[in-house]
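Nothing in this text is a laboratory measurement; each read-out follows from the coordinates by a stated rule. Since the model is a prediction, treat every value here as computed from it, not as a measurement.
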Amino acid sequence: MTEEQQPCVQPSKGPIGVGESDGSEPSRDESKQEERKMIARVGKPAPDFEANAYVDGAFRTVKLSDYKGQWVTLCFYPGDFTFV
Amino acid sequence: MQVLSVSTDSHFTHKIWQEEELSKMVDGGVPFPMLSDQGGRIGQVYGVYDEDAGIDIRGRFLIDPDGVVQAMEVLTPPVGRNVSELIRQIQAFKHVRETGEATPSGWTPGKPTLKPGPGLVGKVWEIWKPEKAF
């Protein structure tokens, strides 16, 4: 992989198809914030998202749906450098 | 099995944590993508974003090859996860997916499974007893 120049702030979509107008621009008004409630449920499709990631020594965007066909363990944690 | 870790830290912070600390715990650093959820928007749809603290709390989601959530576990920050239990659940979900059988409480590979159907009604006691839960 070639080292690419990247901007300091690289927008990523975050949740895809969840309470967004059409995904083209991030929604900022509060009514949209309201719609972003928990939708993950066992037995239901995992909400797709795109996020900036650090992987194999590089920065890239990762989409959950890129991993269709594989088992995925998605682990949220409170923060880097925390103790547990 | 693909692991994805997510926190509200930036991907820049992930890089420094990997280099400064994780690579000293795990040879070569952790081998999975470290995702950034700045603003907690992803955590919100997974029900793990704490608005007061501004962080994603400890939540683990097991997602099958069709993209369906099969299991979730959410803990407050001071208590860490049990990786052995995660692995057991993965083994059980894979077994269920491959065979159509069901795995009773405490199942680990090699223990009896259940074959759901009319013939099993009222007969689970013949296959499973409480001591098998441990």
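Taking 1 over the mean of 1/r across every pair of different Cα atoms in the protein assembly as shown, what Kirkwood radius in Å do you get? Mean inverse Cα-Cα distance, inverted, gives 19.2 Å. Ellipticity at 222 nm from helices only: DSSP H runs of n ≥ 4 in the protein assembly as shown, each -39500 (n - 2.57), divided by the residue count, give -4500 deg cm²/dmol. Along region B:39-50 the Karplus relation, 6.51 cos²θ - 1.76 cosθ + 1.60 evaluated at θ = phi - 60°, assigns HN-Hα couplings of x, x, 5, 6, x, 4, 6, 9, x, 10, 8, 9 Hz to successive residues, with x for each Gly and Pro. When Rg and the Kirkwood radius Rh are both evaluated on Cα atoms of region B:5-81, their ratio Rg/Rh stands at 0.99. For the protein assembly as shown, the number of Lys pairs separated by eight or more positions or lying on different chains, with C-alpha atoms closer than 16 Å, is 12.
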